[in-house]
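This report refers to the structure that appears directly beneath it.
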Ligand SMILES: Nc1ncnc2c1ncn2[C@@H]1O[C@H](COP(=O)(O)OP(=O)(O)O)[C@@H](O)[C@H]1O
Ligand SMILES: [Mg+2]
């Protein structure tokens, strides 16, 4: 990216995310589909590929990044700024450090967006290639206000494979479309289960809903993540599966999804910058 483009991007982001080149929201039509799992592994995978990455947990109702990223301390301060806590090569911050989820349940959209805006501008991220954001599940007023508050490069929509997830993915897509945030693609999580005893595949939640959703929405399908006990355990123990050398299969699946996301971010950026066609001078 040229410095001109970077300046433009920074201006576009406004004051709240200076120094952050790309912001990626991970969203879902409903809770429990593995949004936080995908967000954490996406962030760590991008860092493993050499990017400077931040991960921010904005799920005010159910912040899970401290647990999933294995963070036990609370953030320190530098002057008026909160310092993210680094683990697994990623700078992590959670709104859970500041907001009591029990309190947030009764908040209205403007209160949430006010708190999030304040929170986002109070964090000292430094220079980042990607800031991955774990949004609260759903597509209601609160989520809409949030995606308007934060300047986003694009969004990743996580669904499970049932056909009903198509309706949820459509709702998420509509929400982002309303505020002109491009959907970078769809990830299907909990795609199928491989029996750890006999090796047989079971399509517990049906099959192919994520791919169908992506096709109908005209956005890329970024990949599918099967159900693995090891992925659940990794979340509970604070070691993202992509960083676990004992889980090469799971790691490869999630790292490939992260590379697909990075490719979509690059495509969007060059389209926005109006990159000139390559001009080869023949001598
Ligand atoms: N592919 C997967 N295989 C096994 N367990 C998973 C998988 N994805 C998520 N989980 C588990 O399912 C639960 C819900 O996932 P989470 O990421 O917290 O969902 P959300 O953020 O959408 O509510 C967690 O216990 C998580 O470890
Ligand atoms: Mg979550």
Mind checking whether some residue in segment 32-40 is within 16 Å of ligand 2 (Cβ to nearest atom), modelled with pLDDT under 95, over 15 Å from residue 133 (Cβ atoms) and surrounded by fewer than 20 Cβ atoms within 10 Å (Cβ to Cβ)? yes
Just the residues that are part of a loop (DSSP other than H, G, I, E, B) and more than 18 Å from residue 26 (Cα to Cα), please, taken from segment 105-144. 105, 106, 107, 108, 124, 125, 126, 127
Residue 202: more than 16 Å from ligand 2 (Cβ to nearest atom), under 23 Å from residue 171 (Cβ atoms) and either free of Cβ contacts under 8 Å to residues at least 24 places away in the same chain or surrounded by fewer than 16 Cβ atoms within 10 Å (Cβ to Cβ) (or both), yes or no? no
Tally up the residues in segment 76-104 that are within 22 Å of residue 127 (Cβ to Cβ), in a loop (DSSP other than H, G, I, E, B) and free of Cβ contacts under 8 Å to residues at least 24 places away in the same chain, please. 1
Regarding segment 242-257, can at least one residue be identified that is in a helix (DSSP H, G or I) and within 21 Å of residue 181 (Cα to Cα)? yes
I'd like to know if segment 41-61 contains one or more residues that are near ligand 2 (Cβ under 9 Å from one of its atoms), in a helix (DSSP H, G or I), at pLDDT 95 or above and surrounded by 24 or more Cβ atoms within 10 Å (Cβ to Cβ). no
When the residues of segment 22-31 are narrowed to those that are crowded, with 24+ Cβ neighbours inside 10 Å and outside any strand (DSSP E or B), which ends up farthest from ligand 1 (Cβ to nearest atom)? 29
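The values are calculated or read from the model by the stated rules, or taken from the named source; none is laboratory data. Only a predicted model underlies this, so the values are computations on that prediction, with no experimental measurement involved. Reconstructed Cβ throughout: ideal geometry from the backbone, glycine too, with neighbour counts over all protein chains shown.
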